[in-house]
Amino acid sequence: MSTKDARESVWTDLRTRRVPHDFSAAFAADPDRARRFTVPVGDLVVDMSKNPWDDDIRRDLLRLADAADVGGAWRRMRSGEPINLTEDRAVGHTWLRAPRSESTLVDGVDVVAEANDLLDRMLHFVDEVHAGRVVAADGSRFTDIVNVGIGGSDLGPRLAYEALRPYRLRGIRAHFISNVDPANAADVLGALDPRRTLVVIASKTFTTEETMANARSIREWLPADGVTQLCAVTSDADRAVAWGIAPDRCFAFREWVGGRYSIGSSVGLVLALAIGSGAFREFLAGQRIVDEHVDEHVDSVSPNANAPLLLASLGIWNAMAGGVTSKAVVPYSYDLRSLPAFLQQLDMESNGKSVHRDGTPVSGGTAPIVWGAAGTDAQHAFFQLLHQGTREVAVDFIGFAAGHDEPRSQHDTLVANLIAQSRALAFGRPESSTARLPAAAHRRFPGHRPNTVILAPRLKPSTLGQIIALYEHVVFFQGWLWDINSFDQYGVELGKEMATEARSELDGRPSAASDSSTRLLTEWCRAHRSASEA
Ligand code: F6P
């Protein structure tokens, strides 16, 4: 049977399954359900029991994964095959956290050794800054670091810097400029001393318009001799050097690291400067734990082994059986408040595709709409819709048994809210028999809303690495199961090209190819720009 036929036959089986939408009944029928649908991965536990599946469905989903040869796909990625077929590139973020004892050859180069060399060089620089041997132009120690980058060159380090707040070193703070809106730079730089600030220009291509515009502004802001305060993180060191960065301040990463998968590369420089090289290595070690988890379980027949694969399969099943096209990510952790934004890029830029790997159209859906915010704030914003709205949304709750801050009992309140929300969404509350209509209907909670809970003991560098790697691999497996290429992002190109044209029109050079809406909007902005400057 061909791979396609094998998949079709599993889909046919899945379509005939009775979907256990009534979670109360499913839990009543099986007192062991929570344990059987909870999977450990490293320090994390992933409770997938409050989703509309059962043993048969899970078994079929794993047969589907088998038919799609996810094990083969994983090994092809790990061994350096160019699985990013549209860009003819290997996909190597797992090599960034592999030990030197491992070796993978790509075009005759040992990429694991290369990744370790680049890491050692970057962390040596970090140690030199902390030791006060790398200093500002006037000999001052650096007190602040500004990371200038966008997308994958911003979201990962920004998330991790916030998430690892208790691990930040004293005396050095990080700041982030991503938006081309000059308000972003003005807001950040207004509070900083240019003579004590180290600037990291992070851009894989070193061509991204927003980043280069901000880089030019910040170069002006630095003292006249402040070029030594500039570093570049890029896969195009020649371009960075031509732009004016000293070669010994260029920190490379390779083409095989995708922007949204790059936090463990030199894109993590700002993070390493903020938390120190030891904590940065712990973060990488956490990512490695999940890579090894998949290495170990990718061919396993045990239904509860491979956590990322199960989560990926569950996402596909929720879409198919329940029409779920939206995923809310709700970390019950103030420090993880940027996780939804990070996962938006990871998931939607990777799997927001509508053609298969061979270019034929996808018939069903692909990546969900990913959104969310930190709990408990989110409860007072969009949870009304989650509980009683008409949209089908799957929720990922992420939380920690213990926090870092006092009072501890307040952290317990946070955890209690997470557990309660997961329960309320799953089991709901029937109409009260004593209340009268219409009040009874308004107070009814239907329940049966799919949700998954990911818990860890505490948010540490290793834990964060595990959470990020877990989601990276969910996205990988989902992309493979949909048979799409998760590693290009052509969808962002057209808007970039048109921005160049639009800028030209705003500057007074109308294009014959333009349309009436573009002309109207451009003219309106030109008129009101002049009016507000007058
Ligand atoms: O948004 C498109 C994109 O290419 C992302 O994939 C990438 O993370 C971001 O722009 C920034 O790119 P660069 O690191 O090359 O500046």
Most exposed first, judged by fewest Cβ atoms within 10 angstrom, V453, V227, V134, V233 run V227, V134, V453, V233
Check A232: other-chain or 5+ apart residues with amide H under 5 Å from its amide H, H built from backbone geometry? I201, C250, F251
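Using Cβ counts within 10 Å as a stand-in for footprinting exposure, how do T360, T366, T104 rank, fewest first?
T360, T104, T366
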Number of Lys pairs in the chain with C-alpha atoms less than 30 angstrom apart, excluding same-chain neighbours closer than eight positions? 13
May I ask you to evaluate 6.51 cos²θ - 1.76 cosθ + 1.60, the Karplus curve with θ = phi - 60°, for each residue of the range 447-455 and list the ³J(HN,Hα) values in order in whole Hz, giving x for glycine and proline? x, 6, 9, x, 8, 10, 10, 10, 10
For the residues H93, H356, H175, what sequence is obtained by ranking on other C-beta atoms within 10 Å, fewest first? H356, H175, H93
Looks like the range 93-281, by Cα gyration tensor root eigenvalues a ≥ b ≥ c and the a/c under 1.5 rounded cutoff (else prolate when a/b is bigger than b/c, oblate otherwise), is prolate
Treating only the Cβ atoms of Lys and Arg (+1) and Asp and Glu (-1) as charged, compute the dipole magnitude of the range 338-417 about its Cα centre; round to the nearest 20 debye. 260
Estimated dipole of the range 494-533 in Debye, rounded to 20 [Cβ of Lys and Arg +1, of Asp and Glu -1, Cα centre]: 60
Under the rule rounded for a/c under 1.5, else prolate if a/b exceeds b/c, else oblate, using alpha carbon gyration tensor axes a ≥ b ≥ c, the range 494-533 is classed as prolate
Output the peptides 402-415, 478-491 sorted from most to least packed, where packing is the average of other Cβ atoms within 10 Å over each peptide's residues. 478-491, 402-415
Backbone HN-Hα couplings from phi across the range 135-147 [Karplus 6.51/-1.76/1.60, Hz, Gly and Pro as x]: 10, 5, 4, 8, x, 6, 6, 6, 10, 9, 10, 10, 9
Using amide H atoms built 1.01 Å from N in the peptide plane, name the residues 5+ places from N485, or on other chains, whose amide H lies under 5 Å from its own. R357
Under the rule a/c < 1.5 gives rounded, and otherwise a/b versus b/c splits prolate from oblate, where does the range 98-163 land using the Cα gyration tensor? oblate
Work out the length of the dipole vector of the chain about its Cα centre, built from +1 on the beta-carbon of each Lys and Arg and -1 on the beta-carbon of each Asp and Glu, and round it to the nearest 20 debye. 1480
Ellipticity estimate at 222 nm from DSSP helix runs (n ≥ 4, -39,500 (n - 2.57)) divided over the chain, nearest 500: -14000 deg cm²/dmol
Would you mind checking which residues have amide H under 5 Å from I369's amide H? H placed 1.01 Å from N; only 5 or more apart, or other chain. S326, K327
Provide the per-residue ³J(HN,Hα) series for the range 177-187, in order, calculated from phi with Karplus coefficients 6.51, -1.76, 1.60 and θ = phi - 60°, each as a whole number of Hz, with x at glycine and proline positions. 10, 10, 7, 6, 4, x, 4, 4, 5, 4, 5
May I ask which residue of G171, T3, S300 lies farthest towards the positive end of the charge dipole of the chain, with charges of +1 (Lys, Arg) and -1 (Asp, Glu) on Cβ and the Cα centre as origin? G171
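Using only alpha carbon pairs under 8 Å that are at least six residues apart, calculate the relative contact order of the chain and give it in whole percent.
Computed value for the chain: 18 percent relative contact order.
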Using the Cα centre of the range 93-281 as origin and beta-carbon charges of +1 (Lys, Arg) and -1 (Asp, Glu), tell me which of V148, A191, T208 is placed farthest towards the positive end of the dipole. A191
Spatial separation of Cα centroids for the range 274-316 and the range 1-52, in angstrom: 20
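Just so you know, all these numbers are worked out from the coordinates, no wet-lab data involved. Note that the structure is predicted; figures quoted are calculated from it, not measured. Reconstructed Cβ throughout: ideal geometry from the backbone, glycine too, with neighbour counts over all protein chains shown.
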